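Engineer: One structure, as structure tokens, below. Some questions next.
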Amino acid sequence: MGLFDDLFGAAKNAAANAARSAGRTVTNEAQSAVQQAARSAVSQGKITKVPLASLPRTLAELQAMPEAALTDPNAAAALTIAALCVFPQDRAACYEMLNFLRGPRPMSPMDEAFIRDRFMDGKDYLPRSYFDGAKPDNDYTPDQPLAVTVKEQTNSREQEGYITLYLFSGGADNPRPVTFRNKPSTGQWFLWEYSGLLSGIRIPKSQDAWA
């Protein structure tokens with residue numbers, strides 16, 4: 001029995017009990033409404049919380065982490081955030097980590113320039129905002145232990161060989177997309193598109209003159 005079957009069965013039983021208590025049977029219309037509600041619940045997607053024991057400072061440290069096997073795209077998404085967090089302290093190390101996560105498609109000078117532009121004006125808080133507990137009111141200080149919450153939607157795997165996941169930022173109203181491409185020969189998921197992760201978010205409270 002799949003996830004949809006579980007949700008639909010539970011919802012259908014609840015509807016049937018409510019109908020019996022009202023002294024009537026479940027109509028076809030009611031069953032249709034319940035089925036639609038179950039589909040809606042499924043469409044909300046699968047949520048995965050990925051804990052990180054620590055933040056790597058070098059490529060070697062990142063490669064030593066169990067998530068670096070890259071066989072789980074959720075873990076690869078969390079490592080992407082970890083790599084971006086290194087940029088304010090060590091740009092070269094950040095680029096090395098991202099190139100590892102990108103696999104057979106290394107960064108171009110334009111890719112590097114894009115990241116530099118996103119971090120202009122002291123926006124070092126941007127990648128930190130994806131850790132659980134980080135929000136403008138606490139200057140994007142994440143909870144400990146570190147964790148990244150990842151959402152897979154029903155359409156995340158529409159294109160064969162790719163998956164688009166969504167990460168929650170404490171400074172944005174909606175989760176941000178990051179796409180990975182699968183390498184069948186190794187089963188690994190490599191970073192493909194992440195520009196959405198670097199879009200603007202609300203500034204920290206300490207920098208907000210109107211807070």
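The values are calculated or read from the model by the stated rules, or taken from the named source; none is laboratory data. Keep in mind it's a predicted model, so treat the numbers as computed, not measured. Cβ atoms come from the backbone with ideal geometry, glycine included; neighbour counts cover every protein chain shown.
Engineer: Cβ-Cβ below 7 Å, separation at least six or inter-chain, first residue in the range 153-172 and over 19 Å from residue 71 (Cβ atoms), second at pLDDT below 95 and part of a loop (DSSP other than H, G, I, E, B): which pairs?
Structural biologist: That search, which allows pairs on different chains as well, returns 153/45; 154/45.
Engineer: Being of a type in the set (Ser, Thr, Tyr) and surrounded by fewer than 17 Cβ atoms within 10 Å (Cβ to Cβ) is the filter here; which residues of the range 49-96 pass it?
Structural biologist: 54, 58, 71
Engineer: Against the conditions (1) in contact with a helix residue (DSSP H, G or I) (Cβ under 7 Å, 6 or more places away or on another chain); (2) buried (at least 18 other Cβ atoms within 10 Å of the Cβ), where does residue 139 fall short? Just the number, please.
Structural biologist: (2)
Engineer: Regarding the range 162-174, can at least one residue be identified that is closer than 18 Å to residue 196 by Cβ, crowded, with 16+ Cβ neighbours inside 10 Å and touching a Cys at 6+ places or on another chain (Cβ under 8 Å)?
Structural biologist: no
Engineer: Among the residues that make up the range 203-210, is at least one of them surrounded by 14 or more Cβ atoms within 10 Å (Cβ to Cβ), hydroxyl-bearing (Ser, Thr, Tyr) and in contact (Cβ under 8 Å) with a residue 24 or more places away in the chain?
Structural biologist: no
Engineer: Moving on. Filter the range 181-202 down to the residues that are under 24 Å from residue 116 (Cα atoms) and hydrophobic (A, V, I, L, M, F, W, C), then identify the one that is surrounded by the most Cβ atoms within 10 Å (Cβ to Cβ).
Structural biologist: 191
Engineer: Given the conditions (1) at pLDDT 95 or above; (2) assigned to a loop (DSSP other than H, G, I, E, B), which single one is not true for residue 182?
Structural biologist: Every listed condition holds for residue 182 apart from (2).
Engineer: Can residue 88 be described as outside any helix (DSSP H, G or I), assigned by TED's automatic domain parsing to the domain that holds residue 126, touching a strand residue (DSSP E or B) at 6+ places or on another chain (Cβ under 7 Å) and not aromatic (Phe, Trp, Tyr)? Walk me through it before giving the result.
Structural biologist: Details: outside any helix (DSSP H, G or I): yes; assigned by TED's automatic domain parsing to the domain that holds residue 126: yes; touching a strand residue (DSSP E or B) at 6+ places or on another chain (Cβ under 7 Å): no; not aromatic (Phe, Trp, Tyr): yes.
In short, no.
Engineer: Ok, one more. When residue 129 is evaluated against the numbered criteria (1) crowded, with 22+ Cβ neighbours inside 10 Å; (2) out of contact with any Gly (no Cβ under 6 Å at 6 or more places or on another chain), which criterion, by number, is the only one it fails?
Structural biologist: That leaves (2) as the condition not met.
Engineer: While we're on this one: Of all residues in the range 55-75, count the ones that are closer than 16 Å to residue 192 by Cβ, of a type in the set (A, V, I, L, M) and assigned to a helix (DSSP H, G or I).
Structural biologist: 1
Engineer: Quick one: which of 107, 97 is touching a residue at least 12 places away in the same chain (Cβ under 8 Å), part of a loop (DSSP other than H, G, I, E, B) and of a type outside the set (Phe, Trp, Tyr)?
Structural biologist: 107
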